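Participant: First the structure, which I've put down as structure tokens, then a few questions once you've had a look.
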Amino acid sequence: MATQLRCEGTMFGILSDDRQTLEVKCKRRSCGAEKGSVILHTISLDTGQVVKTERFAEPRLRKET
């Protein structure tokens, strides 16, 4: 199971099962971050280089009626 790196309320990253990569959320506009989107970088722990970048729509909160 992947290891979540977090304090009480914030997750800072996810360490892969094989301990080879770290997945982190990026807030930099130059990486594509903007309101309504989430940018995730997967970083190799061997080289320190980004090996994958993914962009997702920000999850929307549902209003309870």
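Participant: Quick check on T42: is it surrounded by fewer than 10 Cβ atoms within 10 Å (Cβ to Cβ) and either among the polar types (S, T, N, Q) or not in a loop (DSSP other than H, G, I, E, B) (or both)?
Facilitator: It is false that T42 is surrounded by fewer than 10 Cβ atoms within 10 Å (Cβ to Cβ) and either among the polar types (S, T, N, Q) or not in a loop (DSSP other than H, G, I, E, B) (or both).
Participant: Okay, moving on. Give the residue that is farthest from A57 (Cα to Cα), with candidates limited to residues of segment 22-37 that are of a type in the set (A, V, I, L, M, F, W, C) and over 8 Å from the mean Cα position of the chain (by Cα).
Facilitator: L22
Participant: While we're looking at this one, here's another question. Is it true that some residue in segment 49-57 is surrounded by 10 or more Cβ atoms within 10 Å (Cβ to Cβ) and among the acidic types (D, E)?
Facilitator: Yes, there is a match, as at least one residue in segment 49-57 is surrounded by 10 or more Cβ atoms within 10 Å (Cβ to Cβ) and among the acidic types (D, E).
Participant: Looking at segment 8-26, which of the residues that are closer than 13 Å to K52 by Cα and among the charged types (D, E, K, R) is surrounded by the fewest Cβ atoms within 10 Å (Cβ to Cβ)?
Facilitator: Here the residue is K25.
Participant: OK, next. Could we say that T3 is surrounded by 13 or more Cβ atoms within 10 Å (Cβ to Cβ) and either in contact (Cβ under 8 Å) with a residue 40 or more places away in the chain or of a type in the set (S, T, N, Q) (or both) here?
Facilitator: Criteria not met by T3.
Bear in mind these aren't lab numbers, they're just calculated from the coordinates by the rules spelled out. Just so it is clear, the model here is predicted, and its values are computed rather than measured. Glycine also receives a Cβ, built like all others from the backbone with ideal geometry; neighbour counts cover every protein chain displayed.
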